[in-house]
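Nothing in this text is a laboratory measurement; each read-out follows from the coordinates by a stated rule. None of these values were measured; they are calculated from a predicted model. With ideal geometry, Cβ positions are generated from the backbone for all residues, glycine too; neighbour counts draw on all protein chains shown.
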Amino acid sequence: MHVARAFAPLVAAALLAVVGLPRCASAQALAHALVASPRLVVLAGDSITEGVLEDATLAIPASAKPAERVCWQRLCFAEQVRDGLERAASEGRIAPTELVNRGIGGATSRDWDPRDYAVDDVHYLFNGTIYGPQPLFRNIPAADVVVHYVGTNDAVAFFEAGPPLEAEEYAEHLVRFAATLRARGVEHVLIAVPPVPPAWSALAQGERMRDYGEAVRRACRALVAPARLDRCLLDLARDFPSDGFAPGAIHPTAAGHAFIARRYVEALVGVLREEGAPEGAARPRSSASGRERRARGGGSPGPGRRGAAAR
C-alpha cells in the first residue's frame, strides 16, 4: 500500500479536528483528496515528440540557442497536447491530467525496447530529461497513459549500428514496449502510425515507413481486441496535411505539429474519459504522486537525441 494512502485517514481526521470543519465534512472525502493525484500521460518518442520543427515561415532568429529552437514559441505538438488536456479538464470532460514529455532526439523503437536496448548512439546521454546510460524505457514514470511515436529514425538508421529495421522487427519492439508497460500497470498504451515525409515518399525510407504503418496496425491487433483498436492505434499518417512537412524536411512544420496535437488530444480524451473516474475529479493512484514525480524530474529509475534524422 502506498504510504500516503495508508496514513491519509489519520491525517484527514487530524485536520478535521484542528481546523474545526463542519461535521458534514467527511474524513473519507478529505483522505481521498489528500492521496488523489492527476492522471499522468507520458509522451515517448524521438525529436519530433521532443519538439523539433522545420518551418522557414517561423523566422527563428539565427541567434536562438539550440534549446530555444526546440518547441519554438510552444508550437510543438507536445505543448499543444498539454494545453488541450488542461482545457478538457477545465470543461469537466476528463479528470485533471499531468503530461510528461519524454521525446529523445535520435531515439528508435529499439532504443525504447525494454529488453533489446544497447548503447551504440550515446549522443542522447546529454539530454537532461533522462537518467544517464540506461535503457530509455526506464525513464518512463509510473503513468496512466503512454503514447509512443517512433519510426523516422528506424527508417534511416542514422544513429544505429546496423541497417534500418525491417517492419517485423519494428513491430516486435513496439509490442514488447507496450506489453511491458501494461504488465506494469499502465492502463493504455497508444502507438502512433508515423506520417511519411514527402521528401522520402519515393525513396526506400518512405517505403519502409509505409511498411511501419502496417506494422503498427499488426502490433495493435496483437495487443488489443479488434473492437478496442482505437485504444491502441493512433493514425497520424491518415489525412496528414500537405503543408505538414516543409520541402526536404523530415521534422513537421507548425501546421504538422498542430495536426498531430489534434489527433493526440482526441485520442487521449477518449481513453481518459473511459477510465471511469468521476468527471472533473482525480482518481487516487498507487503510483508516485505528482510532487514525487516532479522531484524526480518526471522520471523513474525503474518504470517505465538529437541529429539530422528525427534527431
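Side notes on the structure shown:
- Fully extending the segment from ARG218 to GLN73, taken as 0.36 nm per residue of separation minus the present Cα-Cα distance, adds 48.5 nm.
- Between the amide H of LEU40 and those of GLU98, ASP144, VAL145, distances stay under 5 Å, these residues lying 5 or more places away or on another chain, with hydrogens modeled in the peptide plane.
- ARG87-ALA59 pseudo-label distance in nm [points 7 Å out on the Cα-to-Cβ vector]: 2.6 nm
- Charge context of VAL41, other residues only, Cβ under 10 angstrom, K/R +1, D/E -1: 0
- Once backbone amide H atoms are built at 1.01 Å from N, ASP235 has VAL193 as its partners under 5 Å, excluding neighbours fewer than 5 places away on the same chain.
- Estimated vicinal HN-Hα couplings, Hz - region 43-50 in sequence order (Karplus 6.51, -1.76, 1.60; Gly, Pro = x): 9, 10, x, 10, 5, 5, 5, 4
- In order along region 224-240, the phi-based Karplus estimate (6.51 cos²θ - 1.76 cosθ + 1.60, θ = phi - 60°) of 3J(HN,Hα) comes to 9, 5, x, 5, 10, 4, 6, 9, 9, 7, 10, 8, 8, 6, 5, 6, 4 Hz; Gly and Pro are listed as x.
- Semi-axes of the equivalent ellipsoid of region 185-265 are 25, 16, 9 Å, computed as sqrt(5λ) over the eigenvalues of the C-alpha gyration tensor in descending order.
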